[in-house]
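Notes to accompany the following structure.
Only the coordinates and a few stated rules stand behind these numbers; no lab work does. Everything numeric in this text was worked out from a predicted model, so none of it was measured. Reconstructed Cβ throughout: ideal geometry from the backbone, glycine too, with neighbour counts over all protein chains shown.
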C-alpha cells in the first residue's frame, strides 16, 4: 500500500506540473483535461479520477502552488502569539513569497476565475479565508493599540484585504521592483490602514 500510495502521489504531482506548464503555454481554450492527460502521459480517465473536473484540477493546482509558495507557514505566524503588528508583518511576508513564487501561473489562474464561475467561486473562498485571518489581526490590534471604532474596523479589514491581494502585489511588481521593495510598500500602507505610525528613535 505504501508503494502504491507513493506511485499515486507521484502521478498526481506529474499531472499538476503538466497542468501548470499548459496553463502557461496555451490560451484558455487549449487548456483541457485531454491536453493535460497527454502532457502528463496518463489516460484522460486517470485525470478525471484524480480531480473530477477542470475546476477540480485547477483548485488542486492552486493548492500545489500554495504549498510550494509556503502558505502553510501562516499557521506558524498565528500560533506564535506575537504582537498584532508582528503577526501582520508575518502575514504579509507569507503572501509576498507566495504571490511572487509563480506569478505567471497565479495570474493565469486568477484570469480564468474571472471568466469561469466555478473556478471563480474557489478563488473567492480563498480570498474570504485571507479576510478572516486579517479580521483576527485587526481584533488583536484593537486589544493592544488605540482601538478602531466600529465604523473604522471593517474599512481597515477591507483595505488590508486589498493590500495583501495578488492583484496589488502583481501591480506593484511592475518595472522590475524587487520583492523586498514591494513588501515594504505593502507593510507601510497596511500600518497606515490601521492608523499606526511607527516611531523611529534616533540613536545618539
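Annotations for the structure displayed:
- Extension gain, residue 17 back to residue 127 (0.36 nm per residue minus Cα-Cα distance, nm): 37.2 nm
- Kirkwood analysis of the stretch 135-197, using all unique Cα-Cα pairs, places the hydrodynamic radius at 12.4 Å.
- Each of residue 52 and residue 38 was given a label point 7 Å from its Cα along the Cα-to-Cβ line. The distance between the two points is 2.7 nm.
- Overall form of the stretch 2-52 per C-alpha gyration tensor (a/c, 1.5; a/b vs b/c): prolate
- Förster radius 35 Å - calculated FRET efficiency between residue 67 and residue 155, Cβ distance, rounded to 0.05: 0.60
- The stretch 1-124, Cα convex hull volume normalised per residue, Å³: 118 Å³
- Distance between the modelled labels on residue 115 and residue 9, one decimal in nanometres: 3.6 nm (7 Å Cα→Cβ projection).
- Across all Cα atoms of the stretch 124-171, the radius of gyration (one decimal) and Dmax (whole number) stand at 11.5, 33 Å.
- Quarter of the Cα convex hull surface for the stretch 32-82, i.e. its orientation-mean projected area (nm²): 4.3 nm²
- Taking Cα atoms only, the orientation of helix 179-194 departs from the longest principal axis of the chain by about 50 degrees.
- Relative contact order for the chain: 18 percent, from Cα pairs under 8 Å spaced at least 6 residues apart, divided by residue count.
- Among 170, 41, 104, the largest mean-square fluctuation in a Gaussian network model of the chain, built with springs joining Cα atoms closer than 10 Å, belongs to 41.
- GNM flexibility winner over the chain from 189, 23, 151 (Cα, springs under 10 Å): 151
- Nearest-ten-degree value, helix 84-101 long axis tilted from longest Cα axis of the chain: 30 degrees
- Anisotropy class of the stretch 86-184 from Cα gyration tensor, a/c 1.5 cut: oblate
- Calculated FRET efficiency for the pair residue 197/residue 103, C-beta based, R₀ 45 Å, to 0.05: 0.90
- Helix axis angle, 103-115 relative to the chain longest principal axis, alpha carbon, degrees: 80 degrees
- The calculated 222 nm mean residue ellipticity attributable to helices in the chain amounts to -24500 deg cm²/dmol, summing -39500 (n - 2.57) over DSSP H runs of n ≥ 4 and dividing by all residues.
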